[in-house]
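Right, one structure below, let's go through it.
What follows is calculated from the coordinates using simple rules that are stated; it is not laboratory data. Bear in mind the structure is a predicted one, so any value in this text is a computation, not a measurement. All Cβ positions, glycine included, derive from the backbone under ideal geometry; neighbour counts span all protein chains shown.
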Amino acid sequence: MKYDLVIIGAGPAGMCAAIQAASNGARVALVDENPVPGGKLRGQVYKEPKSDWWIGEKIVRSMESKIKQLGVTCFLEREVWGIYPKWKVMLNNGEQLESDFVLIATGAAEKAIPIPGWTTPGVMAIGAAQVLANIQRVKPGNRVAIIGIDALSLTIAYDLKMAGVNVVGIYLPPLNAFSLEKSNPLKMIAYLSSLSHLAPNPMLKLLGKLGQIESVQKLGVNYYPPFGMKVWGIPLHLRKAVVEIIGNEAVEEIVVAAVDQNGQLGRKQEKRIPVDCACISGGLYPLVELANAAGCESVYIEELGGHIPLYNEELETTQSGIFVAGNSTGIEGAKVAMAQGELVGTVISIRLGFVEGGPELIKKAKEKVNLERENAVIKFHPGLENGRAKLERLSRIRE
Amino acid sequence: MRIKKHPILESLERKEVQITYNGKSYLAFEGETIAAALLANQIRILRYTEKGKAPRGIYCGIGHCYECRVTVDDERSVRACITRVKDQMKIISQGIDADEI
Amino acid sequence: MIICRCEEVLLRDIITSIENGAETLKAIKMETRAGMGICQGRTCRVLLEQAIAPYTDITIQETNNIMYKNPVRPISLANLSRSGKDSSQ
């Protein structure tokens, strides 16, 4: 079957692109491996600084009804295993969808931090805990430890607390080849300072501000209370790492050790804490496998999450007709993803000849992406602007 | 393990269904995933590994890692975290349990 | 400690393969099977890049003329043989 646009991934980016293109008259196919659209947006619940609660599920429901009204063809519970010239999108049930335009909006995967015992049932990636609590409405555990301090893990710690879970603490991962900066208290204070606009509590806000000065960072770590500091009532430990997870058939305990200001483990003072779930947060990285296998050039930009397909201002990759949007372009929030989806939907509608006034529409759509980026509540990487500048430079060189 | 009341999210109205896991019967809710339904019934082990026969459960929760794969109505390697329960669904863990049954 | 959850490959297996001369991700994968399991490296690929980093001059940027190949997801032979048939048929 031939479509005007095939979209892989029905998360916020994919859904917005589908709505934009279909409302301009395009025949759109939307593919996702989940039984329902929405992706990770479905699990998002947070209070916006100056307005109401952002409830992902509600936003997804309204987009879903638009998609139905517009007659977008949904292929749910289908995995895409390849894209062949020019372009054939291969589904795992043997079907193939043809189109001149393909949008890869497959989002991100979680970067693991291996810790001895991390394969024990009850140890999960932090995102899984969010899915369970906010979408499935099942507690990931009754006593949960969170390992890894970042915007996502702090957000989900709060999600779990709202769901009535006892979060026993947020800890550092142990210093090893895989945790790198995430095991370093000094680096983490500096990182928290970049999040101080999130301001989960006044003390953290203060630490955040102080943390911007290097000499104070050291002091901050030295004076950091050994029992942790509470964020929303949850102990946040900057001087303790989880060095092992214990349990045979399921998680029973975590082993916690004190660390110095550089994350080096103390020899003694190991303590065991009973838990039935441990969540590891190592950050997110864009899923690029489909783009890569389709021959799209990629670049490595740490601030955007690692390897990403090289794309231009209109979000087109180096393979003409293949576009990217959402976390496939670099790790940012859902609102940026949605605006990027709209941009791609607009660009493709224009190329297909469905709408007039191209340059003006594209300019507006680009401005919306930038506006959402500026207003983002959560910045996943403090160096995001640098990363974006690098990408733009590389993209210009390529062209 | 179920979250019945949430301060922000609306309660879900869902129909009860019955599933079996390794021959035992459990209650679940329509619309939820196999992994969530089993966890709500205190079940964390979803399979045993091929080599080490070690237990594994939910890891990524979004279909990327394939750790939660189970056999559903004779179809092997179905991802429990992104597959919804259906009434009378027959789920079997892979690995040693599956061999025994 | 396990690094590749699918193929149950330990960190020490990976270190041994590097010490025995495996210089690239591909070589480590061939020798240990890390990253060759059902998730196709979605969980451990980044970890393998990190494990090899201290032993090599090759930067992550360079290891990146990545070699993902179709199929990027598991597909049964029966369905693979059906491929090419149009979805409308």
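Placing pseudo-labels 7 Å out from each Cα toward the beta carbon at A:Lys47 and A:Val377 gives an inter-label distance of 1.0 nm. Counting charges near A:Val256 (Lys, Arg +1; Asp, Glu -1) among other residues having Cβ under 10 Å from its Cβ returns a value of 0. Here the 3J(HN,Hα) profile of the stretch A:21-26, calculated from phi with Karplus coefficients 6.51, -1.76 and 1.60 at θ = phi - 60°, is 5, 5, 6, 8, x, 7 Hz, Gly and Pro shown as x.
Between C:Met30 and B:Glu13, the simple label model (points 7 Å from Cα in the Cβ direction) yields a spacing of 6.2 nm.
Amide H contacts of A:Ile301: A:Gly306, A:His307, A:Ile308, each under 5 Å away and 5 or more positions distant or on a separate chain (H built 1.01 Å from N in the peptide plane; Pro and chain starts excluded).
Loop-resident trypsin sites (Lys or Arg not before Pro) (DSSP state other than H, G, I, E or B) in the stretch A:49-83 with no more than 12 further Cβ atoms inside 10 Å of their Cβ: A:Lys50. Summarising the label geometry, the points placed 7 Å from Cα in the beta-carbon direction at A:Arg398 and A:Asn166 lie 5.1 nm from one another.
Per residue of the protein assembly as shown, the DSSP helices (runs of n ≥ 4 H) give a summed -39500 (n - 2.57) that works out to -8500 deg cm²/dmol at 222 nm. The ranking of A:Ser65, A:Ser328, C:Ser76, A:Ser99 by Cβ neighbour count inside 10 Å, starting from the fewest, reads A:Ser65, C:Ser76, A:Ser99, A:Ser328.
Straight-distance candidates among the lysines for linking to A:Lys271, with alpha-carbon spacing under 19 Å and chain neighbours fewer than 8 residues away dropped: A:Lys240. Available extension along the chain between A:Lys271 and A:Asn248 is 6.4 nm, counting 0.36 nm per residue and deducting the alpha carbon span.
Starting from the Cα gyration tensor of the protein assembly as shown, take the square roots of the eigenvalues, sort them a ≥ b ≥ c, and report rounded, prolate or oblate (rounded when a/c is under 1.5, otherwise prolate if a/b is larger than b/c, else oblate). Rounded, since a/c falls under 1.5.
Straight-line reach from A:Lys368: taking Cα to Cα under 12 Å and skipping same-chain neighbours fewer than 8 places apart, the aspartates and glutamates in range are A:Glu342.
Our coupling estimate for the stretch A:68-80, obtained by passing each phi through the Karplus curve with A = 6.51, B = -1.76, C = 1.60 and θ = phi - 60°, is 5, 4, 7, x, 5, 7, 9, 10, 9, 6, 10, 9, 8 Hz, Gly and Pro reported as x. The GNM of chain A, with springs linking C-alpha atoms under 10 angstrom apart, assigns the highest mean-square fluctuation among A:Gly14, A:Gly141, A:Gly383 to A:Gly383. Between A:Val355 and A:Lys2, how high is the FRET efficiency from 1/(1 + (r/R0)^6) when r is the Cβ-Cβ distance and R₀ = 25 Å? Nearest 0.05. For A:Val355 and A:Lys2, the calculated efficiency is 0.75. Taking other C-beta atoms within 10 Å as the exposure proxy, A:Ile135, A:Ile147, C:Ile75, B:Ile8 rank B:Ile8, C:Ile75, A:Ile135, A:Ile147 from fewest upward.
Distances between placed amide hydrogens fall under 5 Å for A:Cys277 paired with A:Arg143, A:Ala145, all partners being 5 or more residues away or on another chain.
Each peptide among A:175-181, A:92-98 gets the average number of other Cβ atoms lying within 10 Å of its residues, and from highest to lowest they stand as A:92-98, A:175-181. Across peptide B:35-44, the mean count of Cβ atoms from other chains lying within 10 Å of each residue's own Cβ comes to 5. In this structure, the residue pairs whose Cα-Cα separation is over 31 Å, taken from A:Lys364/C:Lys69; A:Lys58/A:Lys390; A:Lys2/C:Lys69; B:Lys4/B:Lys24; A:Lys58/B:Lys53, are A:Lys364/C:Lys69; A:Lys58/A:Lys390; A:Lys58/B:Lys53.
Of all lysines in the structure, the ones whose alpha carbon falls short of 16 Å from that of A:Lys366, not counting any fewer than 8 places away in one chain, are A:Lys335.
For the protein assembly as shown, the antiparallel share of DSSP beta bridges with both residues in that region comes to about 60%.
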